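The values are calculated or read from the model by the stated rules, or taken from the named source; none is laboratory data. Note that the structure is a prediction, hence the values are computed from the model and not measured. Positions of Cβ are generated from backbone atoms using ideal geometry, with glycine treated the same way; all protein chains shown enter the neighbour counts.
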Amino acid sequence: QVQLVESGGGLVQPGGSLRLSCAASTSFFNINVMGWYRQAPGKERELVAALTSNDITNYADSVKGRFTISRDNAKNTVYLQMNSLKPEDTAVYYCNARHRWTNTVYWGQGTQVTVSS
């Protein structure tokens, strides 16, 4: 069982920045992909950014050039740096991890990001 704990959400004005964190209860050695998803009211959950164990990244077109996914292996933590935020980025953001050995997918509890003036 892998637990994922997100933090860093909040209210920010358009054009502002936030950094989300997701701490995993297991070493990244046991995880082959970590990602951030988001779900806005009335919409389906969508992939925002993903990072593989060999450092390949994937971003949604809507966030390319504004968001950056990274990780700290020593802290078992993945980050999502969000810059130039727009009102349409408002959503609950979820951390996601796929276990290397069991292929099980785990989810965090979500953190709210609201972009509004």
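Tabulated data
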{"item": "Residues located in the range 96-117, provided they are farther than 9 Å from LEU4 by Cα, in a loop (DSSP other than H, G, I, E, B) and not β-branched (Val, Ile, Thr)", "result": "ARG100, TRP101, ASN103, GLY110, SER116, SER117"}
{"item": "Evaluation of THR57 against (1) buried (at least 16 other Cβ atoms within 10 Å of the Cβ); (2) hydroxyl-bearing (Ser, Thr, Tyr); (3) modelled with pLDDT of 95 or more (one fails), failing number", "result": "(1)"}
{"item": "Those residues of the range 80-117 which are within 23 Å of GLY65 (Cβ to Cβ), more than 13 Å from the chain's Cα centre (by Cα) and charged (D, E, K, R), in sequence order", "result": "LYS86, GLU88"}
{"item": "Given (1) under 13 Å from CYS22 (Cβ atoms); (2) among the charged types (D, E, K, R); (3) in contact with a Ser or Thr (Cβ under 8 Å, 6 or more places away or on another chain); (4) surrounded by fewer than 13 Cβ atoms within 10 Å (Cβ to Cβ), index of the condition ARG71 fails", "result": "(4)"}
{"item": "Within the range 18-45, considering residues that are of a type outside the set (A, V, I, L, M), more than 11 Å from the chain's Cα centre (by Cα) and closer than 24 Å to SER84 by Cα, the one surrounded by the fewest Cβ atoms within 10 Å (Cβ to Cβ)", "result": "GLY42"}
